[in-house]
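> Submitted below is the structure of interest, expressed as structure tokens.
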């Protein structure tokens, strides 16, 4: 098997896990994930990413804070603006993913209460024993955020290779002020996203569906 085949297998194996077992991931395994992820490229080798990782009681406390923040209707204040809209293929893919999720857990499209309850699962981190908050320097703006996106990808792939399930979550970044205050993250850092991680509950129906990907022909615009 070539290195390309190995990489492709890991890429195809990765998925967004939405049900975790409570078992904690050993510290040395988490360190190995970061050890691999840190090798991604960044502009001028700035390496702007930093990651705040919770475990044990810290995860449980953070889970409570985020759930309470969402349940009381707090207005989101993300450090980076949400997308202005999803249109065309982007809207179609987003809609298809949502329908797959609801179908997997038996939620009818018309059941708004059940859909809201499922949405709030974001703030429990889907019961994951760990959550990583990714942040970058405000002074580097979108370029620091873009570089950190590469770190997010590498983190999830390294975790997959080690048998650890992950789900990157933009929803948590919607409450950037609360995240920053609770985890004592400096005000000169942009809260970009969370990655909840741990061992997958392989018996959970919500972990059974997989999203599709566009073909290379739909991605590449050749010029010659």
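> When residues of segment 58-91 are filtered for being out of contact with any strand residue (DSSP E or B) (no Cβ under 9 Å at 6 or more places or on another chain), outside any helix (DSSP H, G or I) and in contact (Cβ under 8 Å) with a residue 60 or more places away in the chain, how many remain?
Qualifying residue count, segment 58-91: 4.
> From (1) surrounded by fewer than 20 Cβ atoms within 10 Å (Cβ to Cβ); (2) at pLDDT 95 or above; (3) more than 13 Å from the chain's Cα centre (by Cα); (4) part of a helix (DSSP H, G or I), pick out the condition that doesn't hold for residue 144.
(1)
> Quick check on this structure: which one of 63, 93, 115 is closer than 30 Å to residue 180 by Cα and modelled with pLDDT of 95 or more?
63
> Take residue 128 and decide whether it is over 22 Å from residue 209 (Cα atoms), at pLDDT 95 or above and either in contact with a strand residue (DSSP E or B) (Cβ under 8 Å, 6 or more places away or on another chain) or crowded, with 21+ Cβ neighbours inside 10 Å (or both).
Spelling it out, it is not the case that residue 128 is over 22 Å from residue 209 (Cα atoms), at pLDDT 95 or above and either in contact with a strand residue (DSSP E or B) (Cβ under 8 Å, 6 or more places away or on another chain) or crowded, with 21+ Cβ neighbours inside 10 Å (or both).
> Something else now. What's the number of the condition residue 163 fails, among (1) more than 16 Å from the chain's Cα centre (by Cα); (2) under 21 Å from residue 179 (Cα atoms); (3) outside any helix (DSSP H, G or I)?
Condition (2) is where residue 163 drops out.
> How many residues does segment 20-57 contain that are part of a helix (DSSP H, G or I), within 30 Å of residue 203 (Cβ to Cβ) and in contact with a helix residue (DSSP H, G or I) (Cβ under 6 Å, 6 or more places away or on another chain)?
Within segment 20-57, the subset part of a helix (DSSP H, G or I) is 27-37, 43-45, 57.
Checking the rest, the ones that are also within 30 Å of residue 203 (Cβ to Cβ) come to 27-34, 36-37, 57.
From what's left, in contact with a helix residue (DSSP H, G or I) (Cβ under 6 Å, 6 or more places away or on another chain): 33, 36-37.
Selection size over segment 20-57: 3.
> Out of (1) in contact with a strand residue (DSSP E or B) (Cβ under 9 Å, 6 or more places away or on another chain); (2) farther than 23 Å from residue 101 by Cβ; (3) assigned to a helix (DSSP H, G or I); (4) in contact (Cβ under 8 Å) with a residue 24 or more places away in the chain, what's the single condition that is false for residue 191?
(3)
> Go through segment 205-224 residue by residue and tally those that are in a helix (DSSP H, G or I) and touching a helix residue (DSSP H, G or I) at 6+ places or on another chain (Cβ under 9 Å).
4
> Take residue 101 and decide whether it is in a helix (DSSP H, G or I), within 17 Å of the chain's Cα centre (by Cα), in contact (Cβ under 8 Å) with a residue 40 or more places away in the chain and surrounded by 10 or more Cβ atoms within 10 Å (Cβ to Cβ). Let's see the steps before the verdict.
Details: in a helix (DSSP H, G or I): yes; within 17 Å of the chain's Cα centre (by Cα): yes; in contact (Cβ under 8 Å) with a residue 40 or more places away in the chain: yes; surrounded by 10 or more Cβ atoms within 10 Å (Cβ to Cβ): yes.
Answer is yes for this residue.
> Filter segment 111-131 down to the residues that are in contact with a helix residue (DSSP H, G or I) (Cβ under 7 Å, 6 or more places away or on another chain) and outside any helix (DSSP H, G or I), then identify the one that is farthest from residue 190 (Cα to Cα).
Among them, the one singled out is 129.
> Does residue 175 satisfy the condition of being at pLDDT 95 or above, touching a helix residue (DSSP H, G or I) at 6+ places or on another chain (Cβ under 6 Å), assigned to a helix (DSSP H, G or I) and surrounded by 18 or more Cβ atoms within 10 Å (Cβ to Cβ)?
Considered against the rule, which asks whether it is at pLDDT 95 or above, touching a helix residue (DSSP H, G or I) at 6+ places or on another chain (Cβ under 6 Å), assigned to a helix (DSSP H, G or I) and surrounded by 18 or more Cβ atoms within 10 Å (Cβ to Cβ), residue 175 comes out as yes.
The values are calculated or read from the model by the stated rules, or taken from the named source; none is laboratory data. Keep in mind it's a predicted model, so treat the numbers as computed, not measured. We place every Cβ from the backbone using ideal geometry, glycine too, and count neighbours over all the protein chains shown.
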